[in-house]
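The block underneath contains the structure these notes are about, expressed in structure tokens.
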Amino acid sequence: MTSPLRSRIFQPRVEYSMFVVRDADGYAPEPPEDIGIAYLPVARGIVYVASTIQEHESSVEVHVWPGAPDKRAQGELLGQVGLSSPSGRISVHAMTGGPEGQWLELNGPGLYGVRVYRSGGGTQAQARRDEAVRLIGDGEDIEMPSDLESYVIDIWR
């Protein structure tokens, strides 16, 4: 396998059990009706990635490839979609927005393949999150776990 052209790690806040991969130029902020956990709906320059856990921080490693990469052996493949990028750059962030200026340059404007993999998550991770929320609510001085889920996203033209 060749090496990625560029890579970046984003740390989006998962809100409403989702985060987004979006083009820099405009997008539709409302998710499509009947969004599901196991697929990646696309609407006007944005990919909605569904999480198994609500309201938490996640790590998303994004790789830009010169062509379609081999499928990964690690992680659960959530799906593959096409994403139109009029600007040639994308960001990964929470449903309600993200830090400005955190972009990843693609290979110019065009149509890109996007493949998303998830590691972790599920009922055990949700139980860890819920226990942390309970302990924090009881006044415990603990940090919310940040290793509940992680993602790898491969993008190519």
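Scanning region 73-102 for residues that are within 14 Å of ARG6 (Cβ to Cβ) and open to solvent by less than 50 Å² (accessible area, probe 1.4 Å) yields a total of 5. Restricting to region 97-116, and then to whatever is under 15 Å from the mean Cα position of the chain (by Cα) and within 14 Å of VAL47 (Cα to Cα), can you tell me which residue is modelled with the lowest pLDDT? Across region 97-116, the extreme among qualifying residues is GLY97. Of all residues in region 99-121, those satisfying the criterion of being under 24 Å from PRO145 (Cα atoms) and touching a strand residue (DSSP E or B) at 6+ places or on another chain (Cβ under 6 Å) are GLN102, VAL116, TYR117, ARG118, SER119, GLY120, GLY121.
The values are calculated or read from the model by the stated rules, or taken from the named source; none is laboratory data. Fair warning: this is a prediction, and the values are worked out from it, not measured in the lab. Ideal geometry is used to build each Cβ from the backbone, glycine not excepted, and the neighbour counts take in all protein chains shown. Quick note on the areas: whole protein, heavy atoms, side chains included, nothing else; ligands and nucleic acids left out. Shrake-Rupley method; radii C 1.70, N 1.55, O 1.52, S 1.80 Å.
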